[in-house]
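What follows is one structure encoded as structure tokens, with my remarks underneath.
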Amino acid sequence: MEHDMSSTAYCYTSDKDSHVFSIFLRNTRHHNDLSQEQFCLYLREQSSLFYNLDTITVSRWERGVNIPSLAKQAEIVELYNHELVDIYGKDNEFLNECTKLLALPINKRKSSHPYYRNDEYLIEEIDNDHPCFHLILGMILQYEGNPCLSLDEINSQRKQLGKLKISVATAFGGQIIGHCLFMETRSHIILELLNFKINLQDIAELDAKGQANAVLVLSSAGATTQVENSLMSIYMHFFASQKHLTYLSFSVCDDSFVKKLNGAKLSPFKVKSVSKGKNKVDITSFLVSRSEVMANRFLLKLAVISPSNLNQIIDVGVKGKQAR
């Protein structure tokens, strides 16, 4: 059975009472000229997730009586060359859910910073041409305390460190209240790092031949939940918008951030205790495929937030602006 799996333009406003995925499903089936029975058979042939799917269930999905899990949704849209982040990014109800991650009520904004108390803040991207790049990077590496993130000479390796991406949240007076450090790389390099065969120094010196297919997050922190979520949305959206990226990995030793990822139902890939002087540091690694990112509601919400969305949400929520 052969069908045209081409992309389709969808109208998300013609059926305001339907779930966004129900509309996608109906339009996709009609566009590919499939009956519900043919569509059901195709899904059963393509994925074990649908081994017991029947036409009654397909009908219920299309009518919005019930909706399949995000894992099944991600599988279906991938078969038709789409992604959930594109579909849900056009859904106002879902975008409102995303907004709640960043615009918490003032009485729920608990700050872990000694001086920051929910003032205005801005987010700035720092590249390796920025005059404070090596200072900011050094601060992040010291804050993270991860022995795998050692660098001999930050300032003399600007060229090699060009793939590192830093975003910094600052409040009044330039006080840093959050940061994230991430980079594009290749999955086999990530696996070597996660198995403690290389460190950041080695990554900086590796010949970067071949196209990157993964994002590696090395540090992510914020003084409040909404600052942290704002920073997370930057690399989550970056990952989602680059279709060639198939893996997302975290390698961190911040206990609070690890608990946050665990709370988002992510299971660690590896946890290892590494000696640092007289102390031991637990480095926790996560490795998530693209389909797993799309099937995780918390990560999907963050991935949907574009830079323009973030500007608008921050303006409404905490009156800051993202510097570009």
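The values are calculated or read from the model by the stated rules, or taken from the named source; none is laboratory data. Being a predicted model, the structure only gives us computed values, none of them experimental. In this analysis, Cβ positions are derived from the backbone assuming ideal geometry, glycine residues included, and neighbour counts consider all displayed protein chains. Quick note on the areas: whole protein, heavy atoms, side chains included, nothing else; ligands and nucleic acids left out. Shrake-Rupley method; radii C 1.70, N 1.55, O 1.52, S 1.80 Å.
Considering segment 234-251, and only residues there that are of a type in the set (A, V, I, L, M) and not in a loop (DSSP other than H, G, I, E, B), the residue that is most open to solvent (accessible area, probe 1.4 Å) turns out to be Ile234.
Restricting attention to segment 96-132, the residues that are in a helix (DSSP H, G or I), at pLDDT below 85 and surrounded by 17 or more Cβ atoms within 10 Å (Cβ to Cβ) total 1.
Report yes if some residue within segment 278-290 is farther than 22 Å from Gln142 by Cα, in a helix (DSSP H, G or I) and among the aliphatic types (A, V, I, L, M); otherwise report no. No - not one qualifying residue is present in segment 278-290. Tell me, which residue of segment 258-289 that is among the charged types (D, E, K, R) and touching a residue at least 60 places away in the same chain (Cβ under 8 Å) is farthest from Thr225 (Cα to Cα)? Per the criteria, the residue is Lys276. Within segment 28-54, the set of residues being in a loop (DSSP other than H, G, I, E, B), open to solvent by 100 Å² or more (accessible area, probe 1.4 Å) and touching a residue at least 12 places away in the same chain (Cβ under 8 Å) comprises Asp33 only.
If you go through segment 164-219 and keep only what is touching a residue at least 60 places away in the same chain (Cβ under 8 Å), part of a strand (DSSP E or B) and open to solvent by less than 20 Å² (accessible area, probe 1.4 Å), you end up with Ser167, Ala169, Ile177, Leu218, Ser219.
Answer with yes or no whether Lys260 is among the basic types (Lys, Arg) and surrounded by 13 or more Cβ atoms within 10 Å (Cβ to Cβ). Against the criterion (among the basic types (Lys, Arg) and surrounded by 13 or more Cβ atoms within 10 Å (Cβ to Cβ)), Lys260 qualifies.
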